[in-house]
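Asker: Encoded as structure tokens, here's the structure I'll be asking about.
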Amino acid sequence: MENTIRGGQFLVKEANCENIFTPEDFNEEQKMMKDSVKEFIEREVAPNQERFEKKDYALTEALMRKAGELGFLGVAVPENYDGLGMGFVSTMLVCDYISGVTGSLATAFGAHTGIGTMPITLYGNEEQKKKYVPKLASGEWFGAYCLTEPGAGSDANSGKTKAVLSEDGKYYSISGQKMWISNAGFANLFIVFARIEDDKNITGFILEYDKDNPNGVSFGEEEKKLGIHSSSTRQVFFNETKIPVENMLSERGNGFKIAMNALNIGRIKLAAACLDAQRRVIDDSVKYANERVQFKVPISSFEAIQYKLAEMATSAYVGEAASYRAAYDIENRINKRIAEGNTHAEAELKGVEEYAIECSLLKVACSEDIQNCSDEGIQIYGGMGFSADTPMEAAWRDARISRIYEGTNEINRMHAVGMLIKKAMKGHVDFLGPAQAVADELTGIPSFDMPDYGELFSEEKEIIKKLKKVFLMTAGSAVQKYGPELESHQQLLLASADILIEIYMAESGILRAEKNAKRFGEDSQKEQIAMAKLYLYNAVEKITQKAKEGIISFAEGDEQKMMLMGLKRFTKYQQYPNVAALRKEIAEKLITENKYCF
Ligand SMILES: Cc1cc2nc3c(=O)[nH]c(=O)nc-3n(C[C@H](O)[C@H](O)[C@H](O)COP(=O)(O)OP(=O)(O)OC[C@H]3O[C@@H](n4cnc5c(N)ncnc54)[C@H](O)[C@@H]3O)c2cc1C
């Protein structure tokens, strides 16, 4: 499989299903890793679900240690620092399957392996990596990441924590307050961001923490949170905490860059971390719907319930498709850069940065999917769904945080569109050329040909192409109209991001189902094909609404009329799918298998 589509280019290039990776492409090593993580979760985590809800922080710490013993904390760490040095897809896979039962462990795992460890593996010097990374990879030490402050959340570079160089030039003295710090209650190492003098940008530091010698570090009480009850979240206070100068991470003033790049990686892994949670919610919902009898029949026989099950499974199937598609693209890019002579750290940074747009889109999409899915899960359980005695209540509460951390979904939406525009300006993605072509097409005479859509997904693929035109038409005109001022038109940016998300997700779903239909036969993929079609139908509806909202808000007169006509043309099916029948087909499969079976 060779990837020819670079970051952001999905919008202007047609992807070929042979070139995308799907969960059905896991190799033997990946399958073994998946089984071993699943086995760990079933044995150690699932039976303890109740303890996680009762704020058993010690349990989270103990399970993190076990995860370390099994090698799970070191999957992404290169072998020369005692990690497993597995590829990006494998690291996504571990994030995915370790996160299903409880958001508490998912958060502890994500904070430690992602933002707690990655800044050192990616930006540390050789000595720092040798000293700290093996301890973090094995779980001997745990890491935390201190960026957020009471006055600096989304505006992460505005922190007030200070770092003052000592007179003898041997250490920095750090003073300030950080908040919402995951793993704070049991971490041995903190990545701390602070400002030196009046620098424009913050600087990153590695702080070792020994509770017997606190070095000016103290903690707030555990935060009382809506969900992820056993994830330790505390404020961290630094009072003239001494950090040796050799523990500065990268260079002075590089902290904001480190923070942002660590988040790029964190975002796509957070998307993966929402997937198994979704599968489990669907499994439980299907089982409950099959068991619960009302009006003398199982509630799964009602179309109202089938509708929900089908939509839940569809978003999970597409979420998997898009997450692993992007993960593999990133892995390819990393390997390419390593082959060109980059170090592992450089290659990983650049590889993920290349697909930063996709990382943000996936973070938003998958975090909202698990939220909607667990919400519908509660509804399927009826009154029981509202009870803490069923798994839906905790799943719903745990899901909520994913829309907030690793950059809120608003920030990620705007970030994705902003990055795309920047890439276009730099000439990395030719976005303006195709946008002009769409503008020309709008003033031309539309084709009245009736193409033959006999082949699987031929009409759907044509629609995907047209949806890309919708984005190019609306975002292209908005960029032309507002230029750099577009940044302040946030409603437009948010609507554009929603269009982008739906295009990437819908296309990924279709490519996965198409690839599998080609290799396993169409008959064996009937329901998957139905899911890809259903997702696309829903995407067309959402895109129509978002694009219309944009057009009527910023275009006027003839331009508005022309664009609305274009929107109609670009969102039209020759033959609409029977969506009720699609949902029924998907739901019947789930009900028969009594689980999420794709
Ligand atoms: C459980 C939990 C664990 C966390 N773990 C960590 C951790 O380990 N380390 C760490 O450093 N941080 C952590 N965080 C902090 C988290 O990253 C921040 O909460 C998040 O970035 C949002 O910042 P904020 O809470 O200050 O919200 P704010 O930035 O105040 O945002 C409030 C609202 O305003 C919106 N908003 C903000 N700016 C803009 C803008 N420019 N345009 C439009 N809308 C905007 C946001 O989208 C949001 O809806 C954690 C938070 C929680 C709740």
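Asker: Pull out a ≥ b ≥ c, the square roots of the eigenvalues of the alpha-carbon gyration tensor of the stretch 1-128, then state rounded if a/c is under 1.5, prolate if not and a/b is larger than b/c, and oblate in the remaining case.
Answerer: Prolate, because a/c is 1.5 or more and a/b exceeds b/c.
Asker: Right, something else. Rounded, prolate or oblate: which one fits the stretch 140-209, using the alpha carbon gyration tensor with axes a ≥ b ≥ c (rounded when a/c is under 1.5, else prolate when a/b beats b/c, else oblate)?
Answerer: Oblate, because a/c is 1.5 or more while a/b does not exceed b/c.
Asker: Answer rounded, prolate or oblate for the chain, using the Cα gyration tensor with square roots of eigenvalues a ≥ b ≥ c: rounded when a/c is under 1.5, else prolate when a/b is larger than b/c, else oblate.
Answerer: Because a/c hits 1.5 or more and a/b fails to exceed b/c, the chain counts as oblate.
Asker: How high is the FRET efficiency from residue 199 to residue 296, r the C-beta distance, R0 51 Å, rounded to 0.05?
Answerer: Approximately 0.10, to the nearest 0.05.
Asker: So, one more: Among all the aspartates and glutamates, which ones have a C-alpha under 14 Å from residue 572's C-alpha, if same-chain residues fewer than 8 places away are not counted?
Answerer: Hits, sequence-local ones excluded: 449, 459, 460, 462, 541.
Asker: Can you say what percent of the DSSP beta bridges in the chain, counting only those with both residues inside, are antiparallel? Round to 5.
Answerer: Bridges in the chain are about 80 percent antiparallel.
Asker: Looking at 484, 249, 8, which one has the Cα that reaches farthest to the positive end of the dipole of the chain (charges on Cβ: Lys, Arg +1; Asp, Glu -1)?
Answerer: After comparing all options, I get 484.
Asker: Hey, can you rank 111-118, 38-45 by average C-beta count inside 10 Å, highest first?
Answerer: Going by the mean number of other Cβ atoms within 10 Å, highest first, we get 111-118, 38-45.
Asker: How do 6, 413 rank by accessible surface area computed with a 1.4 Å probe, from largest to smallest?
Answerer: 6, 413
Asker: Moving on. Just the isolated ones, please: cysteines in the chain lacking another cysteine beta carbon under 4.7 angstrom.
Answerer: Lacking a cysteine Cβ partner under 4.7 Å: 17, 95, 146, 359, 373, 597.
Asker: Report, in listed order, any pair from 34/526; 469/584; 533/584; 34/225; 466/542 with a Cα-Cα distance greater than 20 Å.
Answerer: Over 20 Å Cα-Cα: 34/526; 469/584; 34/225.
Asker: Show me the trypsin sites (Lys or Arg not before Pro) within the stretch 148-189 that DSSP assigns to loop and that have at most 14 other Cβ atoms within 10 Å of their Cβ.
Answerer: In loop regions of the stretch 148-189 (DSSP not H, G, I, E or B), the sparsely surrounded trypsin sites (Lys or Arg not before Pro) are 160, 170.
Asker: Report, to the nearest whole %, how much of the accessible area of the chain belongs to carbon and sulfur atoms, 1.4 Å probe, protein only.
Answerer: It is 50 percent, rounded to a whole number.
Asker: Not counting ligands, DNA or RNA, and with a 1.4 Å probe, what is residue 579's accessible surface area in Å² rounded to the nearest 10?
Answerer: 30 Å²
Asker: Separation of the stretch 40-94 and the stretch 183-205 by C-alpha centroid, Å?
Answerer: When both Cα centres are located, 25 Å separates them.
Asker: Evaluate the relative contact order of the chain (contact order divided by residue number), counting alpha-carbon pairs under 8 angstrom at least 6 apart; express in whole percent.
Answerer: Worked out over the chain, it gives 15 percent.
Asker: Oh, and also: Run the 1.4 Å probe and let me know the accessible area of residue 173, rounded to the nearest 10 Å².
Answerer: 30 Å²
Asker: Placing +1 at every Lys and Arg Cβ and -1 at every Asp and Glu Cβ, with all other atoms neutral, what dipole size does the chain have around its Cα centre, in debye to the nearest 20?
Answerer: 620 debye
Asker: Answer with one residue from 52, 75, 89: the one whose Cα lies farthest towards the positive end of the charge dipole of the stretch 52-138, charges on Cβ with Lys, Arg +1 and Asp, Glu -1.
Answerer: So the residue we want is 52.
Asker: Now for a separate question. Net charge within 9 Å of residue 451 by Cβ-Cβ distance, Lys/Arg positive one each and Asp/Glu negative one each, not counting residue 451 itself?
Answerer: Result for the local shell: -4.
Asker: Stretch residue 16-residue 215 to full length: gain in nm at 0.36 nm per residue minus the Cα-Cα span?
Answerer: 66.0 nm
Asker: Let me have the 222 nm mean residue ellipticity of the chain computed from DSSP H runs of 4+ only, each contributing -39500 (n - 2.57), with the sum over all residues rounded to the nearest 500.
Answerer: For the chain, the value works out to -19000 deg cm²/dmol.
Asker: Along the charge dipole of the stretch 331-426, Cβ charges K/R +1 and D/E -1, which of 424, 395, 332 sits furthest on the positive end?
Answerer: Positive-end residue among those listed: 424.
Asker: For the pair residue 6/residue 408, report the inter-label distance in nm, with labels modelled 7 Å from Cα in the Cβ direction.
Answerer: 3.3 nm
Asker: Nearest 20 debye, what's the magnitude of the dipole of the stretch 205-352 about its Cα centre given +1 on Lys and Arg Cβ and -1 on Asp and Glu Cβ?
Answerer: Roughly 460 debye for the stretch 205-352.
Asker: Run the numbers on the stretch 354-473 and let me know its relative contact order in percent, using alpha-carbon pairs under 8 Å that are six or more apart.
Answerer: After rounding, I find 25 percent.
Asker: While we're here: Suppose a student asked you for the relative contact order of the stretch 477-573, using Cα pairs under 8 Å spaced at least 6 residues apart; what percent would you report?
Answerer: Reported relative contact order: 28 percent.
Asker: Of all DSSP beta bridges located in the stretch 115-220, what percent are antiparallel, nearest 5?
Answerer: Antiparallel bridges: around 65 percent, rounded to the nearest 5.
Asker: I'd like the accessible area for residue 428, computed on protein heavy atoms only with a 1.4 Å probe and all protein chains in place. Round to 10 Å², please.
Answerer: 110 Å²
Asker: On average, how much accessible surface per residue is there in the stretch 50-105, in Å², for a 1.4 Å probe, leaving out ligands, DNA and RNA?
Answerer: Per residue, the stretch 50-105 has 35 Å² of solvent-accessible surface.
Asker: Additional query: Taking the Cα centre as origin and putting +1 on Lys and Arg beta-carbons and -1 on Asp and Glu beta-carbons, what dipole magnitude results for the stretch 292-369, to the nearest 20 debye?
Answerer: 380 debye
Asker: Cross-link list 170/242; 461/568; 31/336: which exceed 21 angstrom alpha carbon to alpha carbon?
Answerer: Over 21 Å Cα-Cα: 31/336.
Asker: Are there GluC sites (Glu not before Pro) in the stretch 232-264 that DSSP puts in a loop and that have at most 13 other Cβ atoms within 10 Å, and which ones?
Answerer: Sparse-neighbourhood loop GluC sites (Glu not before Pro): 251.
Asker: Report, in order of residue number, the helices in the chain meeting two criteria: a C-alpha extent of 30 Å or more along the helix axis, and a mean Kyte-Doolittle hydropathy of at least 0.0; treat each whole DSSP H run as one helix.
Answerer: 255-291, 356-381, 490-520
The values are calculated or read from the model by the stated rules, or taken from the named source; none is laboratory data. Values in this document were obtained by computation on a predicted structure and should not be read as measured data. Don't worry about glycine lacking a Cβ; one is built from the backbone with ideal geometry, like all the others, and counts go over all protein chains shown. Note: accessible area is taken over every heavy atom of the protein model, side chains too, but ligands, DNA and RNA are not part of it. Shrake-Rupley method; radii C 1.70, N 1.55, O 1.52, S 1.80 Å.
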